[in-house]
Amino acid sequence: MTVVIERTEGFSGPQVCGLVGITYRQLDYWARTGLLIPSIATATGSGSKRRYSYHDVLEIKVIKQLLDAGISLQRTRNAVECLRDNLNADLASTSLILSGSSSVLASDDGEIVDLLKGGQGVFNIISMAGVISELDADIVSIANKSATNIVQTKTA
């Protein structure tokens with residue numbers, strides 16, 4: 001039995017952490033400092049739960065990849081702001097190109113957007129299609145695990 005989580009339903013903080021490979025503490029810090037505020041539900045006090053959209057999770061995955069590539073948190077914030085301004089493009093047909101001091105978003109049609117307004121040689125290229133495919137596969141995996149746990153609980 002295959003269960004797919006609807007993209008509109010959203011994801012809890014622990015699910016996001018598992019999908020992206022970050023700690024809950026990092027996710028909480030990014031939400032509290034405004035790097036990425038969950039678009040479905042924000043924390044409104046003790047015991048409230050944040051809910052993240054698919055688009056939020058995709059942004060968090062990009063943030064992690066920028067940080068993993070050695071981009072500072074401040075420069076990552078700048079890059080994410082620029083990405084948000086340019087996300088009307090089809091992400092699956094773009095690549096994020098990182099260097100020690102620059103990041104650009106390159107689309108298949110040849111358009112290049114400088115995310116940090118400066119640059120040197122290319123450091124790393126992240127295929128956004130790969131990021132999207134990996135995230136979608138991870139979502140299906142957690143949905144299947146969740147369905148399995150429900151079935152096991154009902155049969156026990």
Distance between modelled label sites at Ser48 and Thr33, nm, 7 Å Cα→Cβ extension: 2.2
Length released on extending from Ile142 to Ala41, taking residue separation times 0.36 nm less the Cα-Cα span: 34.3 nm
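FYI, it's all coordinate maths here, none of it is from the lab. Source: prediction; values computed, not measured. Reconstructed Cβ throughout: ideal geometry from the backbone, glycine too, with neighbour counts over all protein chains shown.
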